[in-house]
1. Quick check: anything in the stretch 43-55 within 19 Å of GLU6 (Cα to Cα), assigned to a loop (DSSP other than H, G, I, E, B), touching a residue at least 40 places away in the same chain (Cβ under 8 Å) and among the hydroxyl-bearing types (Ser, Thr, Tyr)?
2. Being at pLDDT below 95, touching a strand residue (DSSP E or B) at 6+ places or on another chain (Cβ under 7 Å) and assigned to a loop (DSSP other than H, G, I, E, B) is the filter here; which residues of the stretch 66-102 pass it?
3. Would you please name the residue that is surrounded by the most Cβ atoms within 10 Å (Cβ to Cβ), looking only at residues in the stretch 116-143 that are within 24 Å of the chain's Cα centre (by Cα) and charged (D, E, K, R)?
4. Could you identify the single residue in GLY347, GLY315, GLY353, GLY334 that is more than 19 Å from the chain's Cα centre (by Cα), at pLDDT 90 or above and assigned by TED's automatic domain parsing to the domain that holds GLN282?
5. Would you mention how many residues in the stretch 231-245 are outside any strand (DSSP E or B), within 14 Å of ASN270 (Cβ to Cβ) and at pLDDT 95 or above?
6. Looking only at the stretch 285-307, count every residue that is in contact with a strand residue (DSSP E or B) (Cβ under 9 Å, 6 or more places away or on another chain) and more than 20 Å from GLY74 (Cβ to Cβ) and tell me the total.
7. Collect the residues in the stretch 246-260 that are part of a helix (DSSP H, G or I) and buried (at least 23 other Cβ atoms within 10 Å of the Cβ), keeping them in residue-number order.
Amino acid sequence: MKFKPEKYSIPDEPMKPFMDAAEIEHFLSQARPDKAMIRNIIARSLDKNRLTLAETAMLVKADDPSLIEEIKDGARRLKESVYGNRIVLFAPLYVGNKCTNNCQYCGFRISNKAAVRKTLSHEEIISEVTALEDKGQKRLILVFGEHPDYSPEMIAGVVRTVYGVKKGNGEIRRVNINAAPQEIEGFRMVKEAGIGTYQIFQETYHPGAYTWYHPSGRKKDYAYRLTSLDRAQEAGLDDVGIGALFGLYDWRFEVMSLVRHTNHLEACYNVGPHTISFPRYQEASLVKLNGQYRVSDEDFTRLIAILRLAVPYTGLILTARESPAIRKEAMRFGVSQIDAGTRLEIGAYAQTGSEVQDLNREQFRINDDRPLNEVMEELFDGGYIPSFCTACYRLGRTGEHFMEFSVPGFIKRFCTPNAMLTLAEYLVDYAPENTAEKGWKLIEKELQGLNGQANTKDIRKRLERIKAGERDLYY
């Protein structure tokens, strides 16, 4: 079903700014939710309908505790319906922290003279990737500061290096990017290196707040950043990720703006973002914000549930900025991807004794520094299937094509078997004995619960092939 967008004061046109802060505020001010209305909106979402801004505003303004619980319950049911109990895992790899911007919330900002600047060499990249493969990682996001040294040519070269690192059965099968906005030709160059998703976060969508937080550097240009993923789409890079840094402005405004950005991409390019991220501001080197817009744990889980209902088929990413307890809670209401075994200090994966965080060497403080296997065990205990799957990316099921496949329930029918196959690889190659025992029991339980949604006989054959030494089997 095609999403029918609302008409906005600023029409959606490719590569043109589309945000009207007054219009967002108007939607919020006019929202008068009641129980019947909220239940109707939840029902529409459960029927896999994308929500309008007006409907999203109703959810955002539903402050009654009983309605908030209904919203969370609706999000939980929707997530189970669309995604099953699969959680995709990845790891961030910081390549370089040089930066020409002066973002007031970031440890990498140019005015922070305490920051220890470093860019990984070719040999260090290989060492980092080898260390990650030794833990069982298959999916990475490469993170770069915004600096001329990190050109499209450089980024593409790093991507090719990462894909070329093989150790035993270890390999990285999907490389995503979090880096500066590019021109069309730059996006095209990075795409040709074989990347997955290109993430660019607006940080805050409120123009006035954005100007205050970004006083200098290329990033101060609000419109240029806002239209950056339009340029990616024009370059043929249809797998993009958006996000906002919660804690810089009113969370209600940012949630609405993320949905508005989704609407814009769908209106102009027939495909929304592959992922939405919603990190909360955390402590960073020599950064002190006044906390005016700090998002409480209660509001944070609430906004995740609202986003899940608003964009049923968009991946929601929750990072190690959050504590294990919050991550465990948030996964119930819509999160579909998390990082695990995370280290932010550049070069830390290949080092021993690097568990202690040094804010002068990191972008911000993380609150979940558990090793990958420990996160895997917690997922098992919660009944989740950890997935390292990269099949859709490599089979061209991205962008508009991904939407076509996912709407009829493709994710649950195909991604669940693929998740089991990648989990089996981890259990054979990397897991301690007790972890492997838990993992195989979970796979068996999941096989029995497929109820004809997939060819379980063929899945079992593939699992046996993996036990016999084959790798990279997928649907």
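The values are calculated or read from the model by the stated rules, or taken from the named source; none is laboratory data. Treat the numbers as computed from the prediction; the structure is a model and nothing was measured. We place every Cβ from the backbone using ideal geometry, glycine too, and count neighbours over all the protein chains shown.
1. Yes, some residue in the stretch 43-55 is within 19 Å of GLU6 (Cα to Cα), assigned to a loop (DSSP other than H, G, I, E, B), touching a residue at least 40 places away in the same chain (Cβ under 8 Å) and among the hydroxyl-bearing types (Ser, Thr, Tyr).
2. Once the filter is applied, which keeps residues that are at pLDDT below 95, touching a strand residue (DSSP E or B) at 6+ places or on another chain (Cβ under 7 Å) and assigned to a loop (DSSP other than H, G, I, E, B), the stretch 66-102 yields only ASN85.
3. Restricting to residues being within 24 Å of the chain's Cα centre (by Cα) and charged (D, E, K, R), the top hit is GLU128.
4. Numbers: GLY315 fails: more than 19 Å from the chain's Cα centre (by Cα); GLY353 fails: at pLDDT 90 or above; GLY334 fails: more than 19 Å from the chain's Cα centre (by Cα).
Only one candidate qualifies: GLY347.
5. Quick first cut of the stretch 231-245, residues outside any strand (DSSP E or B) only: 231-239, 245.
Okay, now just the ones that are also within 14 Å of ASN270 (Cβ to Cβ), so 233-234, 236, 238-239.
With the extra rule that they be at pLDDT 95 or above, the set shrinks to 233-234, 236.
Looking only at that region, the number is 3.
6. Here the count works out to 3.
7. Initial filter on the stretch 246-260 (part of a helix (DSSP H, G or I)): 251-260.
TRP251, GLU254, VAL255, MET256, LEU258, VAL259, ARG260, listed by residue number.
One line per residue, one yes/no per condition, for (1) surrounded by 19 or more Cβ atoms within 10 Å (Cβ to Cβ); (2) within 28 Å of PHE414 (Cβ to Cβ):
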residue: ARG44; (1), (2): no, yes
residue: ASN49; (1), (2): no, yes
residue: THR56; (1), (2): yes, no
residue: VAL60; (1), (2): yes, no
residue: TYR94; (1), (2): yes, no
residue: GLN104; (1), (2): no, no
residue: GLY107; (1), (2): yes, no
